[in-house]
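Take a look at the structure below.
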Amino acid sequence: MAKGVIGQPFTFTALFTDATGAAVAVTNPTIEVFYYDATGVRIDLVAAGTVLPASVPAEVGRYAYLFDPIPDALDASIQIYGVLRGESGGSTLIVEREVDLFAEVVADSGLRASFVKPGAC
């Protein structure tokens with residue numbers, strides 16, 4: 001789960017990997033971003049099929065989409081979702097991101113989460 005600040009940009013990122021954890025370049029990388037309103041209706045913020053650009057600097061299998069800004073019309077009770085897709089070897093790889101919204105910047109505790117590619121044992 002990620003945190004996003006209403007009115008500020010948020011970057012959706014993905015590292016597509018194979019079953020062994022090795023990064024793979026995908027074809028047709030796309031993204032969609034949406035949320036559900038109070039009545040359960042899905043509201044699209046970024047249309048399905050929007051091109052998902054490669055990260056900068058380029059890294060095999062890593063893609064990033066700058067969603068700028070998170071709309072001011074949303075409030076902290078809303079959660080937005082990003083679905084990032086790419087194709088490799090005849091399969092569709094999917095990365096899902098959930099973003100909790102905050103009305104203001106939360107104090108920085110200095111703690112960071114890091115996701116790393118598993119190494120050989």
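Where a number appears in this text, it was derived from the coordinates with a stated rule and is not lab data. As the structure is a prediction and not an experimental result, all values here were calculated from the model.
Debye sum, Cα scatterers, segment 2-102, no solvent: what log₁₀ I/I(0) at q = 0.23 1/Å? Ignoring solvent entirely, the Cα scatterers give -1.17. The relative contact order of segment 2-102, computed from alpha carbon pairs under 8 Å that lie at least 6 residues apart in sequence, is 39 percent. Mean-square fluctuation check for the chain, GNM, Cα pairs under 10 Å: which of Pro29, Pro53, Pro69 is largest? Highest fluctuation among the options: Pro69.
Taking amide H as placed 1.01 Å from N in the peptide plane, Leu52 has its amide H under 5 Å from the amide H of Thr30, Ile31, each at least 5 places away in sequence or on another chain.
Backbone amide hydrogens, once placed in the peptide plane, bring Leu45 within less than 5 Å of Val33, Phe34, Tyr35, excluding anything fewer than 5 places away on its chain.
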